[in-house]
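Colleague: Structure provided below as structure tokens; questions to follow.
The values are calculated or read from the model by the stated rules, or taken from the named source; none is laboratory data. Bear in mind the structure is a predicted one, so any value in this text is a computation, not a measurement. Neighbour counts are summed over all protein chains in view; Cβ atoms, including those assigned to glycine, are modelled from backbone coordinates with ideal geometry.
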Amino acid sequence: MATNHPDRPKRYETLEQWFKSMNQLMQEKPVKGLLESIDDFFRHPFPHSSLNLRVHETVKEYVVTAELPGVKREEISIDIINNSLTILVNKTQMTSEINEIAKTEKHMASSRQSSRTIPFAHPINEKRAQASYRDGLLEIRIAKKQGKKLDILIEE
């Protein structure tokens, strides 16, 4: 049988006050902003990570197309190194809030980066590569290296 202690209501009151304080802390900035960022990350953990790419190969070249809606040309970086192509998208977003009542300005920047590397089976000629970007569609053409074809001599 439980007995009532004179301290018991005080403990509950203290615990209740602690929970209220923690709840208030979680609702205030910067903790609230941090928690929202974590929630956003788990909702969309890899933005643009699976860049929508297509690779088409012809006898003379590789043609890579990437759908990048909403991305500006200056946010795209393309590198060709060691027989592979890397497309990097660095999306930066700036926002500003002005509070006329408190006479404050808040400026925020967020940056998201994603990349994709494509290795090629056939050696490529990086000097003969071209890229174009229009209406959210990136197209990269990379010529294959043309080796020397050997004729087999018949020895008699």
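Colleague: Across region 12-36, what is the total count of residues that are at pLDDT 70 or above and of a type in the set (A, V, I, L, M, F, W, C)?
Modeller: Of the residues in region 12-36, 4 are at pLDDT 70 or above and of a type in the set (A, V, I, L, M, F, W, C).
Colleague: Okay, next question. Just to check your reading of the model, which residue among ALA66, ALA2 is among the small types (Gly, Ala, Ser) and modelled with pLDDT under 90?
Modeller: Working: ALA66 fails: modelled with pLDDT under 90.
Only one candidate qualifies: ALA2.
Colleague: To continue, here is another question. Any chance you could count how many residues in region 109-130 are part of a strand (DSSP E or B), aliphatic (A, V, I, L, M) and farther than 21 Å from THR92 by Cβ?
Modeller: The total comes to 3.
Colleague: Say we look at region 106-117 and pick out the residues that are farther than 25 Å from THR86 by Cα and surrounded by 10 or more Cβ atoms within 10 Å (Cβ to Cβ); which of these is nearest to the chain's Cα centre (by Cα)?
Modeller: The extreme case among them is MET108.
Colleague: Which residue out of VAL89, VAL71, VAL63 is outside any strand (DSSP E or B), touching a residue at least 40 places away in the same chain (Cβ under 8 Å) and surrounded by 13 or more Cβ atoms within 10 Å (Cβ to Cβ)?
Modeller: VAL71
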